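K.L.:
There's a structure below that I have some questions on.
The values are calculated or read from the model by the stated rules, or taken from the named source; none is laboratory data. Quick caveat, the model's predicted, so the values are computed rather than measured. Note that each Cβ is placed from the backbone with ideal geometry, even for glycine, and that neighbours are counted across all protein chains shown.
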Amino acid sequence: MQREPAVAGRFYQARPDKLRQQIKECFEHSIGVGQKAVPVTGRLIGLISPHAGYMFSGPVASHAFARLREEKPLPQTLILLGPKHTHHGARFSISAADSWKTPLGDLAVDQALCHRLIAAVPELAADNAAHLYEHSLEVQLPFIQYSLPNPPKIVPIALAYASFEEIESVAAAISKVLAAEPSGSFCFICSSDFSHDTPRDEAYRLDAEVIERIVSLDARSFYDLIVEDDRSVCGLMPITALLVIMRQQKVHASLLKYATSMDVMEHDRGVGYAAIIFEEAG
């Protein structure tokens, strides 16, 4: 079974030639990474990238995927962690599709790893309904395909809202499975936007507080800030899960780029975006 694109023609261009040009323009945008080589300080373990329409969030996303492009050798599998914006399907859902289609072609799902995760993590369900209309993982795929000539396989996982203890338990179980995988064989792509419907200066202030907790690798502090202050970070679950998984590894986190939709197009209130990477510490 193939997962068909749900937001092609809305969040990004539906025609392959126009989509490639659109992503190219994201890289070349004044907020984009341009032709700069992103410094490599260690093996890339994961990244956080936004998931809004490319017109707004694509330039920030370009920084994260420019770093992925520098990884040598490339991981065999990209584990995609995203929030559920809909109520469809299982709460913690791993894609049951064989591949995901975009205008730039198909990405194969790493079914073997999916099966190992489902067997070991009772909360994870093999389920396509949760992914059917969800955009948070889909919008990462054309950037992957544009940036990497031979894209790795993918493992798409959608996570619904949960208590810290529940998401911590799920993430720890996932981490245990991945600990048995060959070193360097996988990399996480975590999908999240940051502040929503916020004036520009306020977005910069609020999101700086959130990003500080992420780069300090403090899963509990990050989770509590979002929940207790009712912050509008839609990737609360995937970022929390990623930070829990990172506990077992020697990791250094870096902010590559932060900007808002208001930096792209003038308007009063908008959305914040961040490109953050997690590299193996020396």
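K.L.:
Using the structure shown, decide if His115 is in a loop (DSSP other than H, G, I, E, B), more than 25 Å from Gln13 (Cβ to Cβ) and without any contact (Cβ under 8 Å) to a residue 40 or more places away in the chain.
P.N.:
No.
K.L.:
Quick check on the range 70-99: of everything there that is in contact with a Ser or Thr (Cβ under 9 Å, 6 or more places away or on another chain) and modelled with pLDDT under 95, which residue is surrounded by the fewest Cβ atoms within 10 Å (Cβ to Cβ)?
P.N.:
His85
Yes/no per residue for (1) within 26 Å of Gly272 (Cα to Cα); (2) under 15 Å from the mean Cα position of the chain (by Cα); (3) not aliphatic (A, V, I, L, M):
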{"position": "Phe11", "(1), (2), (3)": "yes, no, yes"}
{"position": "Gly53", "(1), (2), (3)": "yes, yes, yes"}
{"position": "Ala66", "(1), (2), (3)": "yes, yes, no"}
{"position": "Lys84", "(1), (2), (3)": "yes, yes, yes"}
{"position": "Ser95", "(1), (2), (3)": "no, no, yes"}
{"position": "Gln111", "(1), (2), (3)": "no, no, yes"}
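K.L.:
Would you confirm whether any residue within the range 248-262 is of a type outside the set (Lys, Arg), assigned to a helix (DSSP H, G or I) and crowded, with 20+ Cβ neighbours inside 10 Å?
P.N.:
Yes, the conditions are met somewhere in the range 248-262.
K.L.:
When you check Ala173 against the structure, is it touching a strand residue (DSSP E or B) at 6+ places or on another chain (Cβ under 9 Å), surrounded by fewer than 18 Cβ atoms within 10 Å (Cβ to Cβ) and without any contact (Cβ under 8 Å) to a residue 60 or more places away in the chain, yes or no? Spell out how you get there, then give the answer.
P.N.:
Values: touching a strand residue (DSSP E or B) at 6+ places or on another chain (Cβ under 9 Å): no; surrounded by fewer than 18 Cβ atoms within 10 Å (Cβ to Cβ): yes; without any contact (Cβ under 8 Å) to a residue 60 or more places away in the chain: yes.
Judged against the criteria, Ala173 is not a match.
K.L.:
Next question, about the same structure. Go through (1) free of Cβ contacts under 8 Å to residues at least 24 places away in the same chain; (2) surrounded by 14 or more Cβ atoms within 10 Å (Cβ to Cβ) one by one and return the number of the condition Glu209 breaks.
P.N.:
(2)
K.L.:
Then there is this: What is the one condition in (1) of a type in the set (Lys, Arg); (2) without any contact (Cβ under 8 Å) to a residue 60 or more places away in the chain; (3) within 22 Å of Ala129 (Cα to Cα) that Lys72 does not satisfy?
P.N.:
Evaluating Lys72 over (1) of a type in the set (Lys, Arg); (2) without any contact (Cβ under 8 Å) to a residue 60 or more places away in the chain; (3) within 22 Å of Ala129 (Cα to Cα) leaves (3) as the failure.
K.L.:
Within the range 80-108, which residues are touching a strand residue (DSSP E or B) at 6+ places or on another chain (Cβ under 6 Å), part of a strand (DSSP E or B), closer than 26 Å to Gln21 by Cα and not hydroxyl-bearing (Ser, Thr, Tyr)?
P.N.:
Within the range 80-108, Leu80, Gly82, Trp100, Lys101, Asp106, Leu107, Ala108 meet the criteria.
K.L.:
Of the conditions (1) under 24 Å from Phe65 (Cα atoms); (2) at pLDDT 95 or above; (3) in a helix (DSSP H, G or I), Ala203 clears all except one; give me its number.
P.N.:
(2)
K.L.:
Tell me which of these Leu19 doesn't satisfy, since it passes every other one: (1) more than 27 Å from Ile214 (Cβ to Cβ); (2) in a loop (DSSP other than H, G, I, E, B); (3) aliphatic (A, V, I, L, M).
P.N.:
For Leu19, the exception is condition (2).
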